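In what follows, a single structure is set out as structure tokens and then discussed.
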Amino acid sequence: MQIAQVDVADDFIDLGVGQPGLSLLPTDLIREAAEHRFAHDGALYLQYGAEQGDGYFRHDLAQFLTGSHGFTAQASRLFVTASASQALDLICTLFVPPEAVVCCEEPSYHLALHLLRDHRVRIVSLPTDENGLIVDGLNERLTSLRPAMLYLIPTFQNPTGATLPRERRERIVELARRHRVLIVADEVYHCLSYGEAPPDSFGSYVAGGGVFGLGSFSKILAPGLRLGWVQSDDETVQRMVQSGLLDSGGGLNPFTSGLVRSVLELDLLRPYLDFLRATFRRRIDAMTDALHRYFPEATFAVPRGGYFFWLRLPDGLDATALLPHAETERVGVRLGNLFSSQDGFHDRLRLSFAMYDTETLIEGVRRLGRAADRLGRRR
């Protein structure tokens, strides 16, 4: 009986899975936080929650964000959600009419594209380079398209790993406000930097209006918590608070926010993040060496944060054609065209280092190299 979202056979290595493996999940930390919370007004978190989210939790979250995101966060500008995905869904429901144009990076997070399609919007892709969304020509595109929203993954982008420089961030905010386009910045990987810290998050721009910064504990604590947040200006936050969803059910995920409040109060998250970053640095090193050894024809940038490698296959190799050979070798990947709103990137693969230990990652890459050899021999 399947109880988790991803159920991978024991003999299969799925390098496409973008979530942490069970060995990384902090069960002892969560147990300590639960004991602390139930020893201190725990019953309150079994009741319907405050619509904006528990005020004590938002205060602690603001302090955490102030220390990790490069600017002074304010609790009044935080809205608690059950994940970044739910935040995006609620924003679309409240602020983006059906049939409106929504601009996204090309490529972009494939499941966000799925969610946007559920809202019956028209997705238009915008070009990117190694530093993220290209700003040159953006003014003209916004003028002609008149989009309602611009969805971005500005830091350690999924799938490319690119990070927008500060100058581009400021220009994007300036142009979006000029054209009255909402910015939704999906920043779930902001804390997972394995070198130089990224620029200040888009949460630092919310005071001027029109900007949503999305965050989540899924990547930095545990996905099963289903706990995230939105940062926006006070007026916009109150519009979300007054929605029918909140009027009916109260605050989103109050019980889990109580647990994570204790995680923050007890200062358990900071050392856990240090552990994650050290672990992922080792995995990146191992996977980089394995790719050079077993799949030297592929090209890629070494990730500086986040979860993913974005591989370009050698000339003439098609990712779709590679897939059956990979399955024969018992290794999984995510095809590049999944991340395209216009069926592009057929020569790309996304690989994740979050699920497996270093030895398994090396074996997975070895299998992938054999699959590429099989395909190359049959061309």
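Residue under question is Thr155, and the condition is that it be over 20 Å from Gly67 (Cβ atoms), modelled with pLDDT of 95 or more, in contact with a Pro (Cβ under 8 Å, 6 or more places away or on another chain) and in a loop (DSSP other than H, G, I, E, B); does it hold?
No, not satisfied.
When the residues of the stretch 67-103 are filtered to those that are assigned to a helix (DSSP H, G or I) and at pLDDT below 95, the one that is most open to solvent (accessible area, probe 1.4 Å) is Gly67. Listed by first and then second residue, the pairs with beta-carbon distance under 6 Å, at least 6 apart or on different chains, first residue in the stretch 13-42 and under 30 Å from Leu368 (Cβ atoms) and of a type in the set (D, E, K, R), second at pLDDT below 95 and not in a helix (DSSP H, G or I), are Asp14/Val8. Of all positions in the stretch 362-369, none carries a residue that is surrounded by fewer than 19 Cβ atoms within 10 Å (Cβ to Cβ), more than 19 Å from the chain's Cα centre (by Cα), over 20 Å from Asn158 (Cα atoms) and of a type in the set (Gly, Ala, Ser). In summary, Gly132 fulfils each of the numbered conditions (1) open to solvent by less than 10 Å² (accessible area, probe 1.4 Å); (2) small (Gly, Ala, Ser); (3) out of contact with any Lys or Arg (no Cβ under 8 Å at 6 or more places or on another chain) with the single exception of condition (3). Once the stretch 232-257 is narrowed to residues that are of a type in the set (S, T, N, Q), open to solvent by 10 Å² or more (accessible area, probe 1.4 Å) and outside any loop (DSSP other than H, G, I, E, B), the residue that is nearest to Ile183 (Cα to Cα) is Thr236.
Restricted to the stretch 323-349, and to residues there that are in a helix (DSSP H, G or I) and closer than 20 Å to Ala301 by Cβ, the residue that is most open to solvent (accessible area, probe 1.4 Å) is Leu338.
You will find that of Ala176, Ala185, the residue that is free of Cβ contacts under 8 Å to residues at least 40 places away in the same chain and either hydroxyl-bearing (Ser, Thr, Tyr) or under 26 Å from Leu221 (Cα atoms) (or both) is Ala185 and no other.
Report yes if some residue within the stretch 286-306 is modelled with pLDDT of 95 or more, within 26 Å of Arg117 (Cα to Cα) and not β-branched (Val, Ile, Thr); otherwise report no. Yes, some residue in the stretch 286-306 is modelled with pLDDT of 95 or more, within 26 Å of Arg117 (Cα to Cα) and not β-branched (Val, Ile, Thr). Quick check: anything in the stretch 138-154 open to solvent by 20 Å² or more (accessible area, probe 1.4 Å), hydrophobic (A, V, I, L, M, F, W, C) and without any contact (Cβ under 8 Å) to a residue 60 or more places away in the chain? Yes, that holds for at least one residue. Leu246 meets the conditions (1) modelled with pLDDT of 95 or more; (2) under 21 Å from Val260 (Cβ atoms) in every case but one. The failed one is (1). For the stretch 291-319, residues that are more than 22 Å from the chain's Cα centre (by Cα) and either among the charged types (D, E, K, R) or surrounded by fewer than 16 Cβ atoms within 10 Å (Cβ to Cβ) (or both) total 9. When each of Arg169, Arg178 is tested for being among the charged types (D, E, K, R) and buried (at least 21 other Cβ atoms within 10 Å of the Cβ), the lone residue that passes is Arg169. Of everything in the stretch 199-218 that is of a type in the set (A, V, I, L, M), open to solvent by less than 10 Å² (accessible area, probe 1.4 Å) and farther than 16 Å from Tyr109 by Cβ, the residue that is nearest to the chain's Cα centre (by Cα) is Val211.
Of everything in the stretch 38-66 that's charged (D, E, K, R) and either part of a helix (DSSP H, G or I) or open to solvent by 70 Å² or more (accessible area, probe 1.4 Å) (or both), which residue is modelled with the lowest pLDDT?
Asp41
Condition check for Glu35 on (1) assigned to a helix (DSSP H, G or I); (2) open to solvent by less than 90 Å² (accessible area, probe 1.4 Å): one failure, at (2).
The numbered conditions (1) in contact (Cβ under 8 Å) with a residue 60 or more places away in the chain; (2) open to solvent by less than 60 Å² (accessible area, probe 1.4 Å); (3) of a type in the set (Ser, Thr, Tyr) are all true for Thr288 except (1).
The values are calculated or read from the model by the stated rules, or taken from the named source; none is laboratory data. Remember, it's a predicted structure, so these values are computed and weren't measured experimentally. Note: ideal-geometry Cβ built from the backbone for every residue, glycine included; neighbour counts use all protein chains shown. Accessible surface areas use protein heavy atoms only, side chains included; no ligands, DNA or RNA. Shrake-Rupley method; radii C 1.70, N 1.55, O 1.52, S 1.80 Å.
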